[in-house]
Amino acid sequence: MSETSPKLRAELEGIPTYKPGKPAAAGGPVAYKLSSNENPYPPLPGVMETVTAAASSFNRYPDMACTGLMNELAERFGVPVGHLATGTGSVGVAQQLIQATAGPGDEVIYAWRSFEAYPIITRISGATPVQVPLTDGEVHDLDAMAAAITDRTRLIFVCNPNNPTGTVVRREELERFLDRVPQDVLVVLDEAYREFIRDPEVPDGVEIYRNRPNVCVLRTFSKAYGLAGLRVGFAIAHEPVAAALRKTAVPFGVSQLAQEAAIASLRAEDALIGRVGSLVGERTRVVDALRAQGWTVPETQANFVWLRLGERTVDFAEACERAGVVVRPFAGEGVRVTVGEDEANDIFLKAAEAFRTQL
Ligand code: PMP
């Protein structure tokens, strides 16, 4: 057999493969997964029944236009159906956004550290990532992001709340920033954790997009709605952008099971949002306890907390794992820990306290 392999695009060499949060090890004494910002609650029985019923026809392709889901979303958000696009998780929609706007020679701006997929999907498109460091307070530096705009800029991500820090951009600063962005540059408000926000100064992206044709709101069913495994996300944007997203979508990328589950979840919103309320309560408990232990914890409006640990990051993550919770280390930087089941949070807090006393 020849040693020659097919020619691949040279750019791919330097691009890392997306690394998912580590799963909880099987067979250990206790093992809770706090590494992927998932919803710890099991599916609602009604949603399970809907998915089970939909499973009887998975020999057929799904409704590619996601008609039922689009109608439901249009009503829920008070937007025209033509302003919606769906995708394989919101990461799929983010990739559609880049494919619709940027290619070789173009630039995509985002804060760093932020969602790990941004650099990967930007580089896959051939565009150049422009990473603007967060401030010392771990928040978006919108002035620096505005200053980074050039005539090659095509897309800007504002992750609100930011993954992995949980920090937010507030109304006034966001509006001021948007006033500085040229109208032909698309700004994506990535609101994957929107439902966990309690700070009234954080604007709802859907309200912002209404008056701004260059703003696109990105949402997901993976977090508050608990459908991470089914892969469905969506965007709300004005017609030309939404139409471009429907073009760049992978055909049939959202399964019928996912579509039906998303519709059932929207109809069961009260129960799901109640669960979010409990998680927000746990978030307050976790943050308060960590601060009482002496940790510096940035104000988080998401379902996770961020500890900047620098060189001790990996040690800390290993200590948590030995205690029975798997967290998400970003080596040399810090650890992101999802707010999970009450008992998982207890284990994490104990491990954090033990680690702290050794410092
Ligand atoms: N945006 C942000 C900020 C995220 O943290 C995530 C998931 N970690 C996503 C988008 C993608 O989520 P999904 O593809 O499951 O919708």
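Every number in this text was worked out from the coordinates using simple rules, so none of it is lab data. No experiment lies behind these values; they were computed from the predicted model shown. FYI the Cβ positions are ideal-geometry reconstructions off the backbone, even for glycines, and counts take in every protein chain you see.
Structure values in brief
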quantity	calculated
Span-rule helices in the chain, defined as complete DSSP H runs reaching 30 Å or more along the axis (Cα) with Kyte mean at least -1.0	269-292
Distance from the stretch 159-187 to the stretch 40-74 (C-alpha centre basis), Å	32
The stretch 168-245 - charge dipole about Cα centre, Lys and Arg +1 at Cβ, Asp and Glu -1, debye rounded to 20	240
With at most 14 other Cβ atoms within 10 Å, longest stretch of the chain clear of loop trypsin sites (Lys or Arg not before Pro) (DSSP)	199-359
Once exposed loop chymotrypsin sites (Phe, Trp or Tyr not before Pro) are cut out (DSSP; at most 13 other Cβ, 10 Å), longest piece of the chain	59-251
Size of charge dipole - the chain - debye, nearest 20, with Cβ of Lys, Arg +1 and Asp, Glu -1, no other charges	560
Label-to-label distance, nm, for residues given as Thr52 and Asp342 (7 Å Cα→Cβ offset)	2.8
In nm, spacing of pseudo-spin labels at Arg9 and Asn71 (7 Å Cα→C-beta vector)	3.8
Computed over the chain, the ratio Rg/Rh where both radii use C-alpha atoms and Rh is Kirkwood	0.97
Share, in percent, of DSSP beta bridges within the stretch 124-241 that are antiparallel, nearest 5	30
Relative contact order of the chain, pairs being alpha-carbon contacts under 8 Å that are 6 or more residues apart, as %	23
For the stretch 240-318, size of Cβ-based charge dipole, Lys and Arg +1, Asp and Glu -1, in debye	260
Measure of compaction for the stretch 159-238 (Cα Rg per 2.2 N^0.38 Å)	1.10
For the stretch 85-172, alpha-carbon Rg relative to the globular expectation (2.2 N^0.38 Å, N residues)	1.05
Cα centroid of the stretch 312-329 to Cα centroid of the stretch 95-149, whole Å	29
Under the Karplus curve 6.51 cos²θ - 1.76 cosθ + 1.60, θ = phi - 60°, whole-Hz ³J(HN,Hα) for the stretch 151-160, x wherever Gly or Pro sits	6, 9, 5, 10, 8, 10, 9, 10, 8, 9
Count, lysine Cα pairs under 28 Å in the chain, 8 or more residues apart or across chains	13
Full-extension gain in nm, Arg356 to Asp270, via 0.36 nm per residue minus C-alpha separation	27.1 nm
Stretch gain in nm, segment Arg198-Thr135, where the contour uses 0.36 nm per residue and the Cα spacing is subtracted	20.5 nm
Value of [θ]222 nm, deg cm²/dmol, for the chain, DSSP H segments ≥ 4, -39500 (n - 2.57) each, nearest 500	-12000 deg cm²/dmol
Sparse-neighbourhood loop sites, GluC sites (Glu not before Pro) in the stretch 128-236 - DSSP loop, at most 15 other Cβ within 10 angstrom	Glu201
Cβ-based charge dipole, the stretch 209-265, positive-most Cα from Ser222, Ala244, Leu257	Ala244
